[in-house]
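Each remark here refers to the structure printed beneath this line.
The values are calculated or read from the model by the stated rules, or taken from the named source; none is laboratory data. Small disclaimer: the values here were computed from a predicted structure and weren't measured. Every residue, glycine as well, gets a Cβ built from its backbone with ideal geometry; the counts of neighbours run over all protein chains shown.
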């Protein structure tokens, strides 16, 4: 009796998006893999590794062990982000590397990617080989609207309109409508939380460099400016996971006080505002932001002055963490300058 194909094994991969704010910029911890005796390969990725059900008691404990082993960095605040287990979806292909190859005769492994979001108050240099903090804008340059619509978004707009024009007439308007909604074209409002939607649109349009890689295609003729506007690629499906993390964090800072996980014990209100702006990718109205902080009762002054601001000395504040156990606590209002 003929046997059917060997069942496809399932590999569970764990990835960590570790975020910090440094000098007013949102940073993410990246790693680069290397072969034996070889220099680190391009492109960068997130700290990641396979889950071993026999050796790991929980996903989170396994993740913390991976991150410490790869980056020499101990995680603090961690929350599960998302589980990427879809098959046949037009999305970056997950790959756990040679260590997770299928057995001879088996179908290719199906990878279940479990992403985690970790927040830390300081981008500590780890001194681990091939580990570095990189600004989020390196991977998503079109997401930074602090100085208005970025040049990257303008270049991407032209590329998306060309992509829509190449479609059959029945699909052309649908493509343009997706681009208009995601990238705020033709006067549509910009929604900072649609980071994943924008990345997946670029992937589906064949513009994200990972799309050509996964389909085994050439990237075609592109100007250097457009290549830079599309952002640096990442290994496997890591830029998709990173986009999911940015979407989640941009939304969550509005209804939970998670931004304080990115702040030191004592901080100025200006430093807090700059951290929120770095995450949201938008400039905030200073007075309205401070009024919202006062109404929420989330911070209190320490009666000390920070003289190292590079300008006028400013009062130091702390997050009133004790209120988390006393009453429901909301996030921060984002009074955008454009409003």
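Quick rundown of the values:
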| read-out | value |
| --- | --- |
| Of all residues making up the range 173-202, the number that are within 18 Å of the chain's Cα centre (by Cα) and free of Cβ contacts under 8 Å to residues at least 12 places away in the same chain | 1 |
| In the range 140-151, the residues that are assigned to a helix (DSSP H, G or I) and either touching a helix residue (DSSP H, G or I) at 6+ places or on another chain (Cβ under 6 Å) or surrounded by 20 or more Cβ atoms within 10 Å (Cβ to Cβ) (or both) | 141, 142, 143 |
| Any hit, the range 208-231, residues being within 13 Å of the chain's Cα centre (by Cα) and surrounded by 19 or more Cβ atoms within 10 Å (Cβ to Cβ) | yes |
| Criterion (surrounded by 19 or more Cβ atoms within 10 Å (Cβ to Cβ), touching a residue at least 40 places away in the same chain (Cβ under 8 Å) and not assigned by TED's automatic domain parsing to the domain that holds residue 192) met by exactly one of 280, 266, 292 | 280 |
| Residue check for residue 315: touching a strand residue (DSSP E or B) at 6+ places or on another chain (Cβ under 8 Å), at negative phi and modelled with pLDDT of 95 or more | no |
| Test result for residue 212, part of a loop (DSSP other than H, G, I, E, B), outside the structural domain of residue 23 (by TED's automatic domain parsing) and either at pLDDT below 95 or touching a helix residue (DSSP H, G or I) at 6+ places or on another chain (Cβ under 6 Å) (or both) | no |
| Matching option when the condition is part of a helix (DSSP H, G or I) and surrounded by fewer than 16 Cβ atoms within 10 Å (Cβ to Cβ), among 201, 196, 154, 181 | 154 |
| Hits in the range 160-178 (condition: over 30 Å from residue 334 (Cα atoms) and surrounded by fewer than 18 Cβ atoms within 10 Å (Cβ to Cβ)) | 161, 162, 165, 166, 167, 168, 169, 170, 171, 172, 173, 174 |
